Amino acid sequence: MLKLTVLGSGTSVPHPRRSSSAHWLDAGGGTLLLDISGPAIHRMAQEALDWANLDAVWVSHFHLDHVGGLAPFLFGTKHAPQTRERRKPLTVFGPRGTEKLLRRFDEAGDYKLFTQPFPLEVRELAPRTEFEVFDSLRAETFSTPHTSESLALRLTATDGTTFVYTSDTGFTEALAGFARAADLFLMECSFFRSKPVRTHLELEDAMRLARLSGARRVMLAHLYPEWDGVDIADEARKFWDGEVIEARDGLRLDITK
Ligand SMILES: [Zn+2]
Ligand SMILES: [Zn+2]
């Protein structure tokens, strides 16, 4: 099984209803947090998710709307009553440089974030690498045209359910191949139209990837405030007739086939 809870459907821009990037994935045998923005650590509590027993964190890249909550989360788990008895390891998966980033932050304030009640492991992954997140979840990475370290993730559950999370990315057709036939293709769609940068997607790009991938369902997230007041599913239908879901903070979706 794979169950998704959208914690943050927005960007780095402060927004009243869209917190910055974070998605909670329950894979039955374990839980994975996909990106960890600053607000994510409180969003987990707001959604009554078992953050104290979280198994793994995925860091897609080093922009602060994706990783800004990592050090604060580890500062929390170090001191929270809920994690005092925890002995199960927590693994942080991310691109090359993840450990250095965290160590620099740690040293800047002498926080001792690596000293936790439980083992903390950082595992860095190259593009096109397959790995096991935990027993019931396999993963593969893919380099995206956003920042040099940015990675998309393809997850496969034991029952064969597949979920692809692009995080931030520019357009490349190869991403559609990576997301082939996914049960859920969670894409960034920063902009509606006339995007100001090549390192993000606009609706037409996202729908082209949706069509080329043959994904069963598509969800659009990382929505800048220019999307406010736009019916995203309605607009998406003009480019692709498949099922498009607008990510909203608090949305829960069963991805299982
Ligand atoms: Zn971002
Ligand atoms: Zn970014």
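What follows is calculated from the coordinates using simple rules that are stated; it is not laboratory data. Just so you know, these numbers come straight off a predicted model, no measurement behind them. Here the Cβ positions follow ideal geometry from the backbone for every residue, glycine too, while neighbour counts run over all protein chains shown.
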*Provide the packing ranking of 233-246, 212-225, i.e. peptides ordered by the mean count of other C-beta atoms within 10 Å per residue, highest first.*
212-225, 233-246
_Tilt relative to the chain, helix 70-79 - C-alpha long axis, 0 to 90 degrees, to 10_ = 40
*Relative to the first principal axis of the alpha-carbon coordinates of the chain, what is the inclination of helix 203-213, with its axis defined by its Cα atoms, in degrees from 0 to 90 and to the nearest 10?*
90
*Within region 236-257, which residues have the backbone N less than 11 Å from the label spot 7 Å out from D159 along Cα→beta-carbon, could you tell me?*
254-257
_Computed FRET value (nearest 0.05) for D135 with V230, which takes r as the C-beta separation and R₀ as 35 Å_ = 0.30
*So how do V230, V197 line up by other beta-carbon neighbours within 10 Å, fewest first?*
V197, V230
*Within-15-Å neighbourhood charge of E85 [Cβ basis; K, R +1; D, E -1]*: +4
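When the dipole is taken about the Cα centre of the chain, and only Lys, Arg (+1) and Asp, Glu (-1) are charged at their Cβ, what size is it in debye, to the nearest 20?
The dipole of the chain has a size of about 300 debye.
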_Roughly how far apart, in whole Å, are the Cα centres of region 206-232 and region 73-139?_
31
*Work out the length of the dipole vector of region 79-223 about its Cα centre, built from +1 on the beta-carbon of each Lys and Arg and -1 on the beta-carbon of each Asp and Glu, and round it to the nearest 20 debye.*
100
*Mind ranking 144-156, 77-89 by how tightly packed they are, going by the mean number of other C-beta atoms within 10 angstrom, highest first?*
144-156, 77-89
_Around R180, under 13 Å between beta carbons, what's the net of Lys plus Arg minus Asp minus Glu among the other residues?_
0
